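Everything on this sheet refers to the single structure shown next.
The values are calculated or read from the model by the stated rules, or taken from the named source; none is laboratory data. These numbers were taken from a predicted model, which means no experiment stands behind them. In this analysis, Cβ positions are derived from the backbone assuming ideal geometry, glycine residues included, and neighbour counts consider all displayed protein chains. Quick note on the areas: whole protein, heavy atoms, side chains included, nothing else; ligands and nucleic acids left out. Shrake-Rupley method; radii C 1.70, N 1.55, O 1.52, S 1.80 Å.
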Amino acid sequence: MTDHAHWLMKSEPDAYGWDDLVRDGEGYWDGVRNPTAAMHMRAMKLGDRVLFYHSNIGLEAVGIMEISGEAEPDRTDSTGRWVAVRVKPVRPLKKTVSLKAIKAEPRLADLPMIRQSRLSVVPIAKDEWRVLMEMAGEPKT
């Protein structure tokens, strides 16, 4: 079995939320205009798991997505500099995980979303993913 990477991607739920992704069946994750976030998107591989995080409204991880299409030119970008990826919903989390709970968990102190809070796409280490899944009431895999 391939060992997939883990990521967290933020979206404002009033712009594109978990329910929108579920309705669509597959999403085109575009509009990212930060070089570091774009670098992370270029590193994503098919099958990587991603936490869908509602930013601004809710401030919580709400579901698990899977990368269904690797980096391609972002069709909303006329410069050709930025990339987009495709994502599919896997399942909603059994329990959402709030930003407050994430910040209060000592085992997540080095989580990139805490250290670089403005970044919309960040990697999650395997041990951090396990902690987040535990907090979400997800079964151990």
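Miscellaneous remarks
- Just one of the listed residues (Ser68, Ser55) is of a type in the set (S, T, N, Q), closer than 18 Å to Arg118 by Cβ and open to solvent by less than 40 Å² (accessible area, probe 1.4 Å), namely Ser55.
- If you go through the stretch 36-52 and keep only what is over 16 Å from Asp19 (Cα atoms), crowded, with 16+ Cβ neighbours inside 10 Å and of a type in the set (A, V, I, L, M), you end up with Ala37, Ala38, Met41, Met44.
- Selected residue (criterion: surrounded by the most Cβ atoms within 10 Å (Cβ to Cβ)) from residues of the stretch 1-16 that are of a type outside the set (A, V, I, L, M), part of a loop (DSSP other than H, G, I, E, B) and in contact (Cβ under 8 Å) with a residue 40 or more places away in the chain: His4
- Meets criteria (under 26 Å from Asp20 (Cα atoms), open to solvent by 10 Å² or more (accessible area, probe 1.4 Å) and touching an Asp or Glu at 6+ places or on another chain (Cβ under 7 Å)) for Arg118: no
- Helices (runs of 4 or more DSSP H) contained entirely in the stretch 22-141, each with at least 1 residues that are under 13 Å from Met9 (Cβ atoms): 35-43, 112-115
- Residue in the stretch 87-104 that is within 19 Å of Gly31 (Cα to Cα), buried (at least 16 other Cβ atoms within 10 Å of the Cβ) and in contact with a Lys or Arg (Cβ under 6 Å, 6 or more places away or on another chain) present: no
- Residues satisfying the criterion are absent from the stretch 67-87 (criterion: charged (D, E, K, R) and within 23 Å of Ala136 (Cβ to Cβ)).
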